[in-house]
Amino acid sequence: MSVQSQFAGTTSVTWTKPAQRQVIGQPEDPVHEEHLVRLAPEQERAARPLDDRHLVPGQEPVHGPGVERPAIVSLIPSRGGHTYMLDLGANASCTPAQLCQFAVMGSVLAADLEGAHQRPRVGLLNIGEEEIKGNDVVQAAHILLAAMDINYVGFVEGHDIFSDKVDVVVTDGFTGNIALKSMEGAARLIIEAMREEFVRSPLRKLGYLAARPTLNALRKRIDPRRYNGATMVGLNGIVIKSHGDTDLFGFQRAIEVAVLEARNGVTERIAQRLGVSREAEGI
């Protein structure tokens, strides 16, 4: 089935949509290991188990105005401080137009929560920066993003996530989730390897004592608890996804993210930005 997308100005891209299962409402991780912190205008909820009914299409809609699919976005440590990355697992496959919506939503988060980034740099994750690389979905999204009123910098590779090259990295949930868990695994490997090497001999233990202030600063900088609280962006309200095995500090960070987004009116800003884009494009 061919679908016509006119998400960005007068640019039109035809893309053949592959057969795909409905993945919304089918989280990859066990539901008892995940929690949500939700702040809606009329209610506040904390430490609520993830319920598939929040995201199952066909029931009472919970998507924000103009949003086709919600996405999971989180902060990734980088040289410039951190990078917003989405989607991290809500959608195993996406259309080009949906990737464009992710770019808008990520831009709103980066601009509204990071006062220094009024026009956040947005990159599309790909297997290379060359124009000819990438599958049909990525290529179509690239054309659409280039015509949108956002600060799109083009294709970025995996290593650019940790650089100061971009503020927002956009990808589908399948790729994003694999990338995220690869990062977590690599971080654990480095920490465990350093721990093993520092205790191999008495001399190395002394070296650890000398290096401890630097190591503690590094540990604090990349502490995953500081980045706990992934936003389920694109819903009709603020929803924060927290690791179920985090401690009090990590859960506090998730709540702080929810409060910050509520104070900055992120949900309303996303609806406004998507509405402006659609009005300008005549959709």
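What follows is calculated from the coordinates using simple rules that are stated; it is not laboratory data. Owing to the predicted nature of the structure, the values given are computational and were not obtained by experimental measurement. Virtual Cβ from ideal backbone geometry, glycine too; neighbours counted across all protein chains shown.
Filter segment 106-117 down to the residues that are of a type in the set (D, E) and either surrounded by 21 or more Cβ atoms within 10 Å (Cβ to Cβ) or not in a loop (DSSP other than H, G, I, E, B) (or both) and list them by number. Answer for segment 106-117, where residues must be of a type in the set (D, E) and either surrounded by 21 or more Cβ atoms within 10 Å (Cβ to Cβ) or not in a loop (DSSP other than H, G, I, E, B) (or both): just D112.
What residue, among those in segment 201-249 that are aliphatic (A, V, I, L, M) and either touching a helix residue (DSSP H, G or I) at 6+ places or on another chain (Cβ under 7 Å) or in a loop (DSSP other than H, G, I, E, B) (or both), is surrounded by the most Cβ atoms within 10 Å (Cβ to Cβ)?
The extreme case among them is V233.
Suppose we keep only residues that are out of contact with any Asp or Glu (no Cβ under 9 Å at 6 or more places or on another chain) and either of a type in the set (V, I, T) or part of a loop (DSSP other than H, G, I, E, B) (or both) within segment 65-90. Which one would you say is nearest to F162 (Cα to Cα)? If we take residues in segment 65-90 being out of contact with any Asp or Glu (no Cβ under 9 Å at 6 or more places or on another chain) and either of a type in the set (V, I, T) or part of a loop (DSSP other than H, G, I, E, B) (or both), then I76 is nearest to F162 (Cα to Cα). When I150 is tested against the conditions (1) more than 15 Å from the chain's Cα centre (by Cα); (2) free of Cβ contacts under 8 Å to residues at least 40 places away in the same chain, the lone failure is (2). Quick one: is N177 touching a residue at least 24 places away in the same chain (Cβ under 8 Å), polar (S, T, N, Q) and part of a helix (DSSP H, G or I)? Yes, satisfied. For segment 186-198, filtered to residues that are small (G, A, S) and within 15 Å of P77 (Cβ to Cβ), the residue that is surrounded by the fewest Cβ atoms within 10 Å (Cβ to Cβ) is A186. Put simply, of I132, I161, I191, I127 the only residue that is assigned to a helix (DSSP H, G or I), of a type outside the set (S, T, Y) and free of Cβ contacts under 8 Å to residues at least 40 places away in the same chain is I191.
Does S93 count as out of contact with any Cys (no Cβ under 9 Å at 6 or more places or on another chain), closer than 21 Å to R69 by Cβ, among the polar types (S, T, N, Q) and assigned to a helix (DSSP H, G or I)?
No.
Here P120 meets the list (1) touching a Phe, Trp or Tyr at 6+ places or on another chain (Cβ under 9 Å); (2) surrounded by fewer than 21 Cβ atoms within 10 Å (Cβ to Cβ); (3) under 24 Å from A271 (Cβ atoms) almost entirely, failing just condition (2).
Scanning segment 169-191 for residues that are over 17 Å from V233 (Cα atoms) and touching a helix residue (DSSP H, G or I) at 6+ places or on another chain (Cβ under 9 Å) turns up A179, S182, M183, E184, A187, I191.
Filtered by the rule that a residue be surrounded by 14 or more Cβ atoms within 10 Å (Cβ to Cβ), closer than 18 Å to Y84 by Cα and among the acidic types (D, E), segment 124-179 gives E157, D160, D167, D172.
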